[in-house]
Amino acid sequence: MTISKSKSSNDQEHLARLQAYYAEYRTFPSYARLMDLLGFASKSAIKKMLERLEAVGMLERTPDGDWAPSDRFFERTVASQPVPAGTPVSVSDEACEQVMLDRFLIEKPAQTVIIRVKGESMINAGIHSGDLAIVERRTHAQPGELVVGIVDDEFTLKTLGRDKAGFHLIPANPDFSIIRPQGKLEIFGVVVGLVRKYS
């Protein structure tokens with residue numbers, strides 16, 4: 001995102017404060033609150049700043065004329081280079097990509113559910129108890145895909161496998177056994193993403 005410096009060199013800072021306020025209170029501040037929050041002396045100055053943010057797609061107007069965050073308001077910055085898990089590298093100040101996490105993780109909102117993982121059977125696949133699995137509802141999957149399956153009327157998250165004996169579900173922890181259904185194995189959905197929050 002680029003905001004014209006000729007209009008206001010502080011708009012990036014104003015946007016950051018608006019994002020922080022919205023993250024805490026889940027609502028957009030009033031003009032009076034904005035004046036106090038951003039240090040403006042008049043409502044007209046606030047209005048001009050909001051219009052600049054609207055022009056670059058960060059804010060929008062509701063049908064009632066109120067200010068509201070646009071989709072771009074929720075974009076987050078992705079660093080221009082990956083961070084190695086091995087040898088450290090120097091940090092670059094290059095321009096960064098903007099990503100909205102919801103769009104990044106979810107391609108088909110109407111077919112997607114978020115399921116909290118429970119248990120340690122997929123620990124070696126990097127899936128921990130308490131993680132949120134992003135699951136795209138499908139009735140078919142390919143062997144090797146992570147799936148939420150329904151085995152004999154019970155839900156479980158495993159890797160789908162297939163051999164001469166048929167389809168089965170493979171854990172990623174040697175303490176757990178491969179699950180071969182006694183009756184029916186159904187596919188509830190395919191895991192397309194994972195969310196983990198560190199406290």
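Values computed for the structure shown
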read-out: Amide H partners (placed H, <5 Å) of LEU59, local residues excluded; value: GLU54, SER70
read-out: Vicinal HN-Hα couplings computed from phi for the range 29-37 (Karplus, 6.51 cos²θ - 1.76 cosθ + 1.60; Hz; Gly/Pro x); value: x, 6, 4, 4, 5, 4, 4, 6, 5
read-out: Too-long pairs where the Cα-Cα distance tops 29 Å, listed order kept, from LYS48/LYS108; LYS43/LYS197; LYS158/LYS197; LYS108/LYS164; value: LYS48/LYS108; LYS43/LYS197; LYS108/LYS164
read-out: For the range 96-123 and the range 13-65, distance of Cα centres in Å; value: 29
read-out: Hull volume in cubic angstrom per residue (convex hull over the Cα atoms of the chain); value: 188
read-out: Angle between the chain longest axis and helix 11-25 axis [Cα atoms, degrees, rounded to 10]; value: 50
read-out: Cβ-Cβ FRET estimate between ARG138 and ALA45, R0 fixed at 35 Å, reported to 0.05; value: 0.10
read-out: Estimated Rh, the range 106-195: Kirkwood, alpha-carbon pairs, angstrom; value: 13.1
read-out: Förster radius 22 Å - calculated FRET efficiency between ASN173 and ARG116, Cβ distance, rounded to 0.05; value: 0.75
read-out: Net charge of neighbours whose Cβ lies under 9 Å from the Cβ of PHE188, counting Lys and Arg as +1 and Asp and Glu as -1; value: +1
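Values quoted throughout were computed directly from the atomic coordinates according to the rules given, and no laboratory measurement underlies them. Predicted, not measured: the structure shown is a model, and the values here were computed from it. Cβ coordinates were reconstructed from backbone atoms using ideal geometry, including for glycine residues, and neighbour counts include every protein chain displayed.
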